[in-house]
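Down below is the structure, laid out as structure tokens.
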Amino acid sequence: MIATPDRTPLPREFFDRPVLDVAPDLVGRILVRTTPDGPIALRITEVEAYDGQNDPGSHAYRGRTARNDVMFGPPGHVYVYFTYGMWHCMNLVCGPDGTASAVLLRAGEIVEGAELARKRRLSARNDKELAKGPARLATALDVARSLNGTDACASGDTPLRVLAGTPIPSDQVRNGPRTGVSGDGGVHPWRFWVVNDPTVSPYRAHTPRRRSS
């Protein structure tokens, strides 16, 4: 018998820890996105940890900027960035206020509001592909830069919240290199995912972008 997921919101203290503790602990949790059309809930199945100024792969490696400012703020906030001129990606900020670490949400299973996610992900061949990859996840949940800085631990109504869900046993979680990260940051085994879960995105090593001649 499958246990009913715990719908208790995760407190700020959950996120106020080292990012390498928070990242694997997020696997199996439930992210709820409240939209004007109704809620969409996602079971997190794949994440990546980024350790700020200690991590060459992090947006915050070279210090604070207007783009990454939220990463340096209080834990439990949402960091949304725009990439390749077309996609949004969503992170959850970790660690104490003033540091810069975050967990990228790479993939998940839509467990509520699939009909709303399908309207935003018309190219998905099936429901397992709705949030299979960080850009697809953000698209399915209607997450854009307007949600950057959202406090996912705020009391009362908030457009994004993380629930306790059902943590995955450690022997069912694997870790390995992060997807598409170049240089020294590419060697860190800071990607965590549920073993054999069909919603987990495929691993891809970094491929240098060719400059147009």
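The figures follow:
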item: Of the criteria (1) touching a strand residue (DSSP E or B) at 6+ places or on another chain (Cβ under 9 Å); (2) at pLDDT 95 or above; (3) of a type outside the set (D, E, K, R), which one Ile168 fails; result: (2)
item: Qualifying residue in segment 41-62 (condition: acidic (Asp, Glu), farther than 21 Å from Arg161 by Cα, in contact (Cβ under 8 Å) with a residue 24 or more places away in the chain and surrounded by 23 or more Cβ atoms within 10 Å (Cβ to Cβ)); result: yes
item: Only listed residue being charged (D, E, K, R), at pLDDT below 90 and open to solvent by 30 Å² or more (accessible area, probe 1.4 Å), chosen from Arg161, Arg174, Arg210; result: Arg210
item: Single unsatisfied condition, Gly52 versus (1) on the phi > 0 side of the Ramachandran plot; (2) touching a Lys or Arg at 6+ places or on another chain (Cβ under 6 Å); result: (2)
item: Tally of residues being assigned to a helix (DSSP H, G or I) and surrounded by fewer than 14 Cβ atoms within 10 Å (Cβ to Cβ) across segment 1-20; result: 1
item: Criterion (touching a Gly at 6+ places or on another chain (Cβ under 7 Å) and touching a residue at least 40 places away in the same chain (Cβ under 8 Å)) met by exactly one of Asp151, Asp142; result: Asp151
item: Cross-chain or 6+ apart pairs with Cβ under 7 Å, segment 168-186 first and under 25 Å from Ser58 (Cα atoms) and in a strand (DSSP E or B), then open to solvent by 80 Å² or more (accessible area, probe 1.4 Å) and not small (Gly, Ala, Ser); result: Gly176/Tyr203
item: Cross-chain or 6+ apart pairs with Cβ under 8 Å, segment 73-89 first and open to solvent by less than 60 Å² (accessible area, probe 1.4 Å), then of a type in the set (D, E, K, R) and part of a strand (DSSP E or B); result: Gly73/Asp97; Pro74/Asp97; Pro74/Asp151; Pro75/Asp97; Gly76/Asp151; His77/Asp151; Val78/Asp151
item: In segment 177-205, the residues that are open to solvent by less than 30 Å² (accessible area, probe 1.4 Å) and among the charged types (D, E, K, R); result: Arg178, Arg191, Asp197
item: Single unsatisfied condition, Gly98 versus (1) within 18 Å of Asp69 (Cβ to Cβ); (2) of a type outside the set (Ser, Thr, Tyr); (3) in contact with a Leu (Cβ under 9 Å, 6 or more places away or on another chain); result: (3)
item: Residue check, Arg106 free of Cβ contacts under 8 Å to residues at least 40 places away in the same chain, touching a Ser or Thr at 6+ places or on another chain (Cβ under 7 Å) and open to solvent by less than 60 Å² (accessible area, probe 1.4 Å); result: no
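The values are calculated or read from the model by the stated rules, or taken from the named source; none is laboratory data. What you see is a predicted model, and the numbers here were worked out from it, not measured in a lab. Using ideal geometry, Cβ is built from the backbone for each residue, glycine included, and neighbour counts are taken over all protein chains shown. In case anyone asks, the SASA skips ligands and DNA or RNA and just uses the protein heavy atoms, side chains included. Shrake-Rupley method; radii C 1.70, N 1.55, O 1.52, S 1.80 Å.
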